[in-house]
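The values are calculated or read from the model by the stated rules, or taken from the named source; none is laboratory data. Because the structure is a prediction, the values reported are computed rather than measured. Here the Cβ positions follow ideal geometry from the backbone for every residue, glycine too, while neighbour counts run over all protein chains shown.
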Amino acid sequence: MSGENYRRFEEIVTANCPMAEAGKPLSPDVDLVELGMDSLQIVSTMLQLEEAFEVTLPEEHMTLETFTTPGHLWAFVELALGERSGGQLRT
């Protein structure tokens, strides 16, 4: 997981996790709830990701499982990016 899109993703997620250290890379397997992400921050994260990447995140994939780890959430964002660009993922 690298590239400009992932760095922006990490900034947004870190900003919405009160216990995450700013500027420190997020492990793809870290539990976002353990980093302090609650339901309000999930909504805020979703809205910020949609704005930053100019995508609409599909509601059918909006589950608690999607927001368990940065890895799950990034896969969700990549899906939306792929749909936006006709299957051509940008990193």
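The figures follow:
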| item | result |
| --- | --- |
| First in the range 50-64 and at positive phi, second anywhere and in a helix (DSSP H, G or I), Cβ under 8 Å, 6 or more apart | Glu54/Arg84 |
| Any hit, the range 11-27, residues being of a type in the set (S, T, N, Q), assigned to a helix (DSSP H, G or I) and either out of contact with any Pro (no Cβ under 6 Å at 6 or more places or on another chain) or surrounded by 14 or more Cβ atoms within 10 Å (Cβ to Cβ) (or both) | yes |
| Check on Val13, in contact with a Leu (Cβ under 7 Å, 6 or more places away or on another chain) and at pLDDT 95 or above | yes |
| Condition met for Asp38 (over 15 Å from Trp74 (Cα atoms), among the charged types (D, E, K, R) and either surrounded by 12 or more Cβ atoms within 10 Å (Cβ to Cβ) or modelled with pLDDT of 95 or more (or both)) | yes |
| Considering residues of the range 5-27 that are aliphatic (A, V, I, L, M), touching a helix residue (DSSP H, G or I) at 6+ places or on another chain (Cβ under 7 Å) and in contact (Cβ under 8 Å) with a residue 12 or more places away in the chain only, the residue farthest from Leu79 (Cα to Cα) | Ala20 |
| Thr45 vs. criteria of a type in the set (Ser, Thr, Tyr) and part of a loop (DSSP other than H, G, I, E, B) | no |
